[in-house]
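Input: a single structure, listed below in structure tokens.
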Amino acid sequence: MAALTYLTIMSLDGYVADEGGSFDWGTPDEEVHGYINDLMRSVGTYLYGRRMYEVMAAWETMGLADEPPSIRDFAAIWRAATKVVYSTTLDDIATTHTHIERAFDPEGVRRMKASAERDLGVGGPELAAQAFAAGLVDECHIFLAPVVVGGGTRSLPDGVHLGLDLLDERRFANGMVHLHYRVAGTG
């Protein structure tokens with residue numbers, strides 16, 4: 001059975017975007033991006049809400065000639081993966097290997113996990129909250145950026161209590177910290 005993983009870059013106070021919607025403060029440098037790429041190599045399918053998909057779709061068309069190796073590598077990883085976008089408002093998809101589902105169906109995701117040959121990743125805090133609430137998330141990769149933003153979009157859901165087992169941690173030269181957890185169960 002494939003694992004469903006949530007990877008997030010968040011501020012120390014727990015936000016994926018600040019009150020103005022910016023997440024530039026969490027942009028990974030070459031070292032962090034290379035590490036994220038290695039984590040994402042096992043993912044064959046990404047699950048996105050509309051907003052996260054619209055952010056990530058830039059990876060499909062961005063020019064890569066002048067980009068550093070980590071950017072070119074991630075673009076190749078992302079372009080090769082299947083993308084499932086959960087949206088009631090999105091009419092067209094702009095990327096290959098992508099289809100739209102009108103509603104998040106926990107049982108459908110369970111079937112995907114059971115039949116997938118490669119892991120699944122859930123992107124975006126709103127869709128991840130639904131996956132956490134349904135007991136679908138198996139692992140979390142949390143990258144803590146060395147910044148406090150004071151408010152915005154929370155990275156982890158309210159109202160969900162989970163036990164987590166720390167599997168690994170790493171500190172990067174830019175001050176970012178990676179925490180890798182396995183979901184131990186509900187509390």
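The values are calculated or read from the model by the stated rules, or taken from the named source; none is laboratory data. In this text, all values refer to a predicted model and were calculated from it rather than measured experimentally. Heads up, the Cβs are rebuilt from the backbone with ideal geometry, glycines too, and the neighbour counts pull from every protein chain shown. In case anyone asks, the SASA skips ligands and DNA or RNA and just uses the protein heavy atoms, side chains included. Shrake-Rupley method; radii C 1.70, N 1.55, O 1.52, S 1.80 Å.
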Within the chain, longest stretch free of exposed GluC sites (Glu not before Pro) [DSSP loop, at most 16 other beta carbons within 10 Å]: 20-116
Spin-label pair Leu90/His161, simplified geometry with 7 Å Cα→Cβ offset, distance in nm: 3.4
Gyration tensor verdict on region 126-187 (Cα atoms; rounded if a/c is under 1.5, prolate if a/b is larger than b/c, oblate otherwise): oblate
Helix-only CD estimate at 222 nm, as mean residue ellipticity for the chain, using -39500 (n - 2.57) per DSSP H run (n ≥ 4): -8000 deg cm²/dmol
Per residue accessible area in Å² of the chain, where ligands, DNA and RNA are left out and the probe is 1.4 Å: 50
Low-density loop positions, chymotrypsin sites (Phe, Trp or Tyr not before Pro), region 82-187 - DSSP coil, at most 16 other Cβ in 10 Å: Phe172
